[in-house]
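What follows is a set of notes on a single structure, which appears directly below.
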Amino acid sequence: ETVQFEDFDNEQGDWTEGVPSDGATTGEWVIDIPIPSFSDAGVMVQTDEDVTEGSGNVACALTGNGSVGGGIGENDVDGGKTTLVSPVFDLTQYDDPAITYYRYYTNSPPSGANPGADWWQVELTSDGTNWVMFESTQTSDPSWRRVAFRVADHVDVTTDFQMRFVASDSIRPGQNL
């Protein structure tokens with residue numbers, strides 16, 4: 001049973017787009033209507049739609065948003081990491097809460113400069129201080145992937161539950177990317 005829903009068209013709380021330790025110079029998190037981008041081979045890199053069904057649902061959280069017709073590197077994550085932090089949720093009012101989110105992650109598009117080297121990570125906290133790694137991958141999945149989990153399997157169910165989503169640009173030594 002869905003008891004709270006975030007579609008980014010009608011935000012349910014204060015999401016933080018970026019934290020002081022981020023170093024990304026482009027591709028920082030924004031909440032916006034996605035503008036697609038394509039590799040030199042014509043493969044879609046950034047999606048052109050959010051995952052929410054229904055008319056009027058158009059926004060999502062994304063890393064960077066280039067211009068219409070922009071290329072693969074126009075507003076991808078460069079120079080470090082970018083972090084999106086959820087609002088604090090009181091999960092104690094729910095019986096055995098579970099969380100679902102969707103992600104669209106591209107890391108190795110055709111003609112990309114640094115294929116397979118960038119990280120997608122999701123961390124959880126039940127106290128705002130101690131973060132637990134939930135998801136960490138360098139594998140592309142250019143589709144809206146549903147991820148669901150039982151909160152108690154990873155952190156305590158508390159009044160201070162949060163998630164943070166981190167996309168990073170990894171640097172390979174000796175390469176000018």
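For the residues D22, D78, D153, a GNM of the chain with alpha-carbon springs under 10 Å puts the largest fluctuation on D153. In loop segments of region 1-73 as defined by DSSP, the chymotrypsin sites (Phe, Trp or Tyr not before Pro) with at most 11 further C-beta atoms inside 10 Å of their C-beta are F5. Label positions at W119 and D95, each projected 7 Å from the Cα along the C-beta direction, are separated by 3.9 nm. Build a GNM of the chain with springs between Cα atoms under 10 Å apart, and of T16, T106, T83 the one that fluctuates most is T16.
State the extension gain, in nm to one decimal, for the chain segment bounded by V58 and H154, taking 0.36 nm per residue of separation less the distance between their alpha-carbons. Let's see the in-between values first.
Values: separation 96, 0.36 × 96 = 34.56 nm, distance 3.11 nm.
Full extension from V58 to H154 adds 31.4 nm.
Checking every one of the GluC sites (Glu not before Pro) in region 14-71 against DSSP loop status and a limit of 10 other Cβ atoms within 10 Å picks out E53. Rolling a 1.4 Å probe over the protein chains gives S21 an accessible area of about 80 Å². Largest GNM mean-square fluctuation across G54, G27, G42, computed for the chain with C-alpha springs under 10 Å, falls on G54. Hey, quick one: spin label on I31, modelled 7 Å out along Cα-Cβ, who in region 57-74 has an amide N within reach, i.e. under 19 Å? Zone members listed by number: 57-66.
Give, rounded to the nearest 20 debye, the magnitude of the charge dipole that region 91-169 has about its Cα centre when Lys and Arg contribute +1 at Cβ and Asp and Glu contribute -1 at Cβ.
On the way: 5 positive and 11 negative charges, 69 e Å.
Result for region 91-169 is approximately 340 debye, rounded to the nearest 20.
The values are calculated or read from the model by the stated rules, or taken from the named source; none is laboratory data. What you see is a predicted model; the values in this text were computed from it and never measured. Glycine gets a Cβ as well: all are built from the backbone with ideal geometry, and neighbour counts include every protein chain shown. Remember, those area values only see protein heavy atoms, side chains included, never the ligands or the DNA or RNA. Shrake-Rupley method; radii C 1.70, N 1.55, O 1.52, S 1.80 Å.
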